[in-house]
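We did not get these values from a lab; they are worked out from the coordinates using the rules stated. Since the structure is predicted, the reported quantities are computational estimates derived from the model, not experimental observations. Neighbour counts run over all protein chains shown; Cβ positions are idealised from the backbone, glycine included.
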Amino acid sequence: MASGLMRRLAFWRPQRDVLPFTVLFKKFQSILERNNLILELMADMGDKLGGEYVFDSHYLVEVSEKLGDHVFKLISDYSILNQHQNADLFLAFERIRFAIQEELAGHRILTAGEPILDMAAIGHEQSELVGAKMATLGDIRNRLELAAPDGFVITTRTFFDFFQRNNLFARTEAAEQYWRDQDLDALRRLAEEMQQRILAATLPRRLGQRILAAFDDLARRQGQRRLLVALRSSAWGEDGGSSFAGQYQSVLNVGRDRLIDAYRRVVASAYSFETWQYRLSKGFHESETAMAVGCQVVIEGPASGVLHTYAPHRADGAMLVNASWGLCAPIVQGDQPADTMVLGRKPPYPLLDLAIADKPRQLVPAADGGTEWQAVPGHLQRAASMTPEQMATLARASMRIERYYKRPQEIEWTFGPGGTLTILQSRPLRLQEEAAVPGRELVEATRDAEIVFSGRGLVVQQGIAVGRVHRVDNDEDLAAFPYGAILLSRYTSPRYAAVMPIARGIITDVGSHTGHMATLAREYRLPTLVNTEVATSLLRTGDEITLDATQNIVYRGIIVALNHFQLIEEEVFEDSYEYRLLGRLLKCISPLHLLDPQSEGFTPAACRTYHDITRFIHEKAVEELIHLSEKQGARHLSAPKRLETGLPLGLMVIDGGGGTTCAPESPTLTVEQIACLPLRELLQGMAGMGMWCTEPVAVDLGSFMSSFTRTVPASLSGPGAIGRNLAVVLAHYMNINMRLGYHFTIIDAYLAEAVNDNSIYFRFLGGVTGFIRRSRRVAFIAKVLARYDFRVEVHGDLVVGRLKKLSLPRMVQRMRMLGGLIGYTRQLDVRMHADSDIDHHVAHFLQVMQEQERTGG
Amino acid sequence: MTTATDGAAAPLRILILDDEPIVCKRLKPAFQKMGHEVETFTDSNAALARLREARFDVVVTDLKMEGADGMQILNGAKDSAADTQVIVITGFATLETAKESYRKGAFDFIAKPFKLRDILDCVKRIEDKRRGLPTEAER
């Protein structure tokens, strides 16, 4: 198609210093192609988060380079198109590329890390910066939406700055040699020296000020003038494969004046002889030592304790709770009497065993900082420290944490003053039995189990789920979703987010890797299998099943061994360095911040991700092409013409030759003057199919209008302001870029008698609003395109359809269909009330199309 | 409805070699879950030494590594036991490397990144093949 254009445009000879339109249009096409490649690569990277793929760091390096290369060339192509240097865009690109390279090189802490991070901004992606312990609390609070103490983290960035400023790393390497030589006396002397130097070292002023400022912010949030906090270690490797349990120091109940001092004490605890020895014995290198420190509000509850989500030594399928009055610390130490409860792991978490201890005293925060022992009132000493309701609440929250981390957990908790369950800490529980190799019972259990189906569907999020099926067809089903069930549905829908915190898994008949529900399921790490085609026909509400979303198998009944195996796997994929790195890379790549082209923030300088740059350039490239032809048209190209039509398209047409029949200098164009075959058929499809505005929109006219009023006034307000909708046409070729509201449609088509040259490329990219309904629209478009023989790919909001080498009448039929589709989908958002509407609309659309064909419309 | 596997297949002995630990960590539990015995290596010379002293039914190897590369592993595996099936996995997949792998007797050639399911299916095919030809090794 491009070559056809080149042949036609070869008649134009450019004047000096002015690039021929052919060159510019070729650049424009190259921008579109690259734009697409970039979006596909991004989607591809996103798919890798689900756990279905095995990838390594080589892949991450390669795909990042490829992506960077495309974005760079995209800016270069755009620079030729708009004939500017676009320094701002290149700068934005360099910023992002640098951040990505730093991530890949593992240098991010020192160059990109924040010295302080608020709890609200923390998750597992930052575990290098905030340490595993605080990253876990961040997930618990921000992702699982359970209560955790408010506060902030003094990150490893601060640790490194502090150490480098004071030259504290100078002697640490020696420890490895001492360990190899087993010279423990030397190690002990080094440890003492290190601790003294740390306690005496000066924190850089700027850092000290930031820590105190964060403390003051926290005090304001808490509404306390004399806030006391707990400082807790959160070191690299702590709470990971090695527990480091109790190795590092926590300082409880610290006021502002002692804050920096307490920080130094916690950091120094990383170099105590015992800790250092432990670390070396576990094979840690000195370069792997870094300490973040959590600074948390002290939660003073009447009762607190520790829960193990898995206690096979007590009973099968049991969890174990130790609880007492007052603060949690003595129970963690294990040197004070505590109540012991054994609970079932499955709802309603029955109490299997209860032993109440005599609890004469409790640890409480002292008024002037620190902690103190206090006598427990007589009537409480032999009373249970938890109510049955509290046990159930705690059990439920704990299982949620275990499911998220796919590991048995050891959880420190307290019921705060208002009775709210607060999670103080959660770390993986190392099981005694260490049965890392699955026994024959696993193989036998899966061999003997009835398979409902296997080898079907796409894994969106890997994992094992056991529970009862609950089928969801409508909002009522969703509202009635029981705790701990596995969601079964025909379609994927982001509305399921509402039950994700209480669901065990998701299975659907239809769906793709990408899309909003997939993103959310990964966020919740909910084992999810989509596109099984058969699930709803084989499973019913109430069926007990085991979903193995690593091998695409659904078993009938509950296979405890399979679930157990997952809990003792050596490493959880989501904890791997590569997974976390991919998550951080995607943060530099995927999120879209430039949403509204008409807002003031739509600038190159505001681009924070590759996606932003891509979006910006696409928008501007379309404008640029119109602008260029306006500027140069008088010399060697006809001016862009505004199409006069009843449809609110705001379409500008650039004729590359033979595409129109009106006078070259005419500023407007009627539908009858279009000679370009693809555009003529497309417009006929739009207007003639009766799909543009026929059915009155019964509801929500406001939102219906808002989807295109943003374009319409601009395109009616005068040629200078004419925005974004552009068609470049030849007799047989059309390239159209249409933005209706926030949604972009691109069609690139060549239609002629010679079958081999015929092709249609259709791309639809959704915008930013109407989250749920938009994904239904994507599903609708994909289905319709597939019915018309398009090769369809769906990546999130992006639908791409390709069609080649059909006879002219068939190509014409499909161009008309696309016209109808654009008209139909334009108002579809407001009508898609349920997922079942998708099929209804597909059927309706196809029916209308068939009627039109019969009547020769 | 069918059951998971027909009959009691003997577990396979599988050696996994990839210089990136993440690949070993992902593959090991997946094969174990199928009931196989798994050893993993990130150092190709150590893997080669292990191949000389023990017999494996399946070897999964990366292609481009420090020390001995995947082709050497392929040769080494075939030398020590001709019926060992080798699956080559690589992030540098080209038509040439694929051809060479097959020519040297690789059972399959899989480009990284790959779906876990693809390699599990591949091992399953090896299992089926072995069951179909039980006497091949004994003869």
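Consider all pairwise Cα distances in region A:473-526 and report the whole-number % of them above 13 Å. The answer is 54 percent, as a whole percent. Farthest toward the positive end of the dipole of chain A, out of A:Gln813, A:Gln196, A:Asn142, is the Cα of A:Gln813, where the dipole comes from beta carbon charges about the Cα centre. Could you give the DSSP H helices of chain A that reach 30 angstrom or more along their long axis (alpha carbon positions) and whose average Kyte-Doolittle hydropathy is no lower than -0.5? Once both thresholds are applied, what remains is A:21-47, A:57-82. Sorted from greatest to least, the principal axis extents spanned by the alpha carbons of region A:440-569 come out as 42, 26, 25 Å. In chain A, helical runs assigned H by DSSP with n ≥ 4 each contribute -39500 (n - 2.57); averaged across all residues and rounded to the nearest 500, the mean residue ellipticity at 222 nm is -13000 deg cm²/dmol. Across chain A, the relative contact order, built from alpha-carbon pairs under 8 Å that are at least six residues apart, equals 11 percent.
Excluding same-chain neighbours fewer than eight residues apart, the lysines reachable from A:Lys805 by a Cα-Cα span under 29 Å are A:Lys26, A:Lys27, A:Lys783. Structural size metrics of the protein assembly as shown, computed from C-alpha coordinates, are Rg and Dmax of 32.1, 102 Å. Near B:Ile110, the amide H atoms lying under 5 Å from its own belong to B:Val88, B:Ile89, B:Thr90; only residues 5 or more places off or on other chains count, and H is placed 1.01 Å from N. I want the local charge near A:Asp353. Using Cβ-Cβ distances under 14 Å, sum +1 for each Lys or Arg and -1 for each Asp or Glu among the other residues. Around A:Asp353, the surrounding residues sum to 0. Computed about the Cα centre, the dipole magnitude for region B:13-128 is approximately 260 debye when only Lys and Arg (+1) and Asp and Glu (-1) carry charge, each at its Cβ. In order along region A:595-602, phi translates into HN-Hα couplings of 9, 10, x, 8, 7, 5, x, 7 Hz, rounded to whole numbers, per the Karplus curve 6.51 cos²θ - 1.76 cosθ + 1.60 with θ = phi - 60° and x for Gly and Pro.
Any idea what the relative contact order of region B:21-78 is, in percent, if you count C-alpha pairs under 8 Å spaced at least 6 apart?
On the way: 39 pairs, mean separation 17.0, N = 58.
With pairs under 8 Å counted, the relative contact order is 29 percent.
On average, how many beta carbons from a partner chain sit within 10 Å of the beta carbon of a residue in A:43-54? Intermediate results must be reported in sequence, preceding the final value.
Numbers: counts 0, 1, 0, 0, 2, 1, 0, 0, 2, 6, 8, 17.
Across the residues of A:43-54, the mean count of other-chain Cβ atoms within 10 Å is 3.
Sort A:Trp325, A:Trp236, A:Trp413 so the one with the fewest other Cβ atoms within 10 Å of its own Cβ comes first. If you can, show how the numbers build up before the last one.
Working: A:Trp325 24, A:Trp236 21, A:Trp413 29.
Going from least to most buried by this count: A:Trp236, A:Trp325, A:Trp413.
Taking each residue as 0.36 nm, the span from A:Glu274 to A:Ser599 lengthens on full extension beyond its C-alpha to C-alpha distance by 111.2 nm.
Return the percentage of antiparallel bridges among DSSP beta bridges fully within chain A, rounded to the nearest 5 %. Let's see the in-between values first.
Numbers: 99 of 119 bridges.
In chain A, DSSP labels about 85 percent of beta bridges as antiparallel.
Along each principal axis, taking the top coordinate minus the bottom one, the Cα set of chain B gives 44, 34, 27 Å in descending order. Helix B:70-80 and the longest principal axis of the C-alpha atoms of chain B enclose an angle of approximately 50°.
In whole percent, what relative contact order does region A:118-297 give with Cα contacts below 8 Å and a gap of six or more residues? Write out the running numbers ahead of the final one.
Numbers: 263 pairs, mean separation 57.8, N = 180.
This gives 32 percent for region A:118-297.
For a quick check: sort B:Lys64, A:Lys620 by the number of other beta carbons within 10 angstrom, fewest at the front. Mind showing how you got there, number by number?
Details: B:Lys64 13, A:Lys620 21.
Ranking B:Lys64, A:Lys620 by Cβ neighbours within 10 Å, fewest first, gives B:Lys64, A:Lys620.
Taking the fewest neighbouring Cβ atoms within 10 Å as the starting point, the ordered list for A:Glu274, A:Glu300 is A:Glu274, A:Glu300. Scattering from region A:118-297 was approximated by placing one identical point on each alpha carbon and applying the Debye formula without solvent; log10 I(q)/I(0) at 0.08, 0.14 1/Å stands at -0.25, -0.74.
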